[in-house]
Amino acid sequence: MYKSIFYGSIITVCIIIATALYILKKTFPKDIISVFFLLEKRYLLFAMLSMFFYHTFDNIRLFVLSRAMGLRYSFLYGYVISLINTFGATVTPAHVGGEFISIYTLMRKGGRLHKVMSVVTMKTITGMSFFILALPITLYEMFKNPSQAKDLFELIAVVLLLTAVIYIFLRVFFKKNSNNGKFISKVKNIFKRYVVAMKIFLRDKKIYILGAVVSSILLYICFLLVGVFLVKAFNTSADPLSVFLHQLLLVYALFISPTPGGSGVGELGALSVFAPFLEPLLVGVFALLWRFLSQYLSAIFGGILLSILLLIDAKKFKHEA
């Protein structure tokens, strides 16, 4: 796990630096300092509050699902989980690390593996509810703005190609580990318990699932509001509803992007998505600021918190040994 996090972090940082340099070279206002002084500070505050509520609803979603399976931890610890999940999603391809780190953070509180796996699975499934509900509106926005859709699809295609090249390159340096019979037997046993836990979830915990669905929808709305308020900070005359709807396709692109945390896709995609609402020289600065507030700031805090938890657990393990 340590190597995966380290390599993922290096790849993410490299992509972010390369993308930032490209954006700043393409659009970089000479009086960038004065630009930040002219921003509407209240909307910057609202953008940060929206991100706080994003983590709050993410916390509520996992908290509700965990309670359904008898897993108990403090609500404050739920914020730690949410931030650490953001870090995991940011440094792993297609955001998968966020789910795996959820397993670690929940098992620290005494959760059995099969129950924790069922909770994380339901978290992923309920998280899809927003994308299902928003799909008709997104398709309408895509047909209304075909040039934006074309730019995003081309960007994703390029990213997919680069990811395939990187994957092939990395495969050269990694060998497959052979699994012995005892390990396979243990995995089968855990999987059987996991299937039973999922059946219990779907049969007896419907009210908890509904609560998680509502929280998932609200957390993505809060995520979109970050962009709305940030645009208003740069351009107070922008129409909030138009900004909100204009981001939908980008959100889909971010979450299907194979790059760690959607890095590269988010920054370059933002250039196209937010361009209609901003002056040309401000789009690049805006894209970087938006990605920092909506992804990387939380990931930084999450990385620090994960390091603290790993150190605490390492000391406990050493002490018990």
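With respect to Glu141, is the statement that it is loosely packed, with under 13 Cβ neighbours inside 10 Å, of a type in the set (Asp, Glu) and either part of a helix (DSSP H, G or I) or at pLDDT below 90 (or both) true?
no
Residues Met1, Met48: which one is at pLDDT 75 or above and under 24 Å from the mean Cα position of the chain (by Cα)?
Met48
Report whether or not Gly8 is over 24 Å from the mean Cα position of the chain (by Cα), modelled with pLDDT under 90 and not hydrophobic (A, V, I, L, M, F, W, C).
In short, no.
Would you be able to say whether some residue in the range 301-311 is surrounded by 22 or more Cβ atoms within 10 Å (Cβ to Cβ) and farther than 25 Å from Val119 by Cα?
There is no residue in the range 301-311 that is surrounded by 22 or more Cβ atoms within 10 Å (Cβ to Cβ) and farther than 25 Å from Val119 by Cα.
Kindly provide the set of residues from the range 38-70 that are touching a helix residue (DSSP H, G or I) at 6+ places or on another chain (Cβ under 6 Å) and farther than 20 Å from Val214 by Cα, ordered by number.
Leu39, Glu40, Tyr43, Leu44, Phe46, Ala47
Do we have Ile101 as modelled with pLDDT under 90, of a type outside the set (Gly, Ala, Ser), out of contact with any Leu (no Cβ under 9 Å at 6 or more places or on another chain) and assigned to a helix (DSSP H, G or I) here?
Taking the combined requirement at face value, the residue does not satisfy it.
The values are calculated or read from the model by the stated rules, or taken from the named source; none is laboratory data. Given the structure is predicted, the values throughout are model-derived calculations rather than measurements. Cβ: placed from backbone, ideal geometry, glycine included. Neighbour counts: every protein chain shown.
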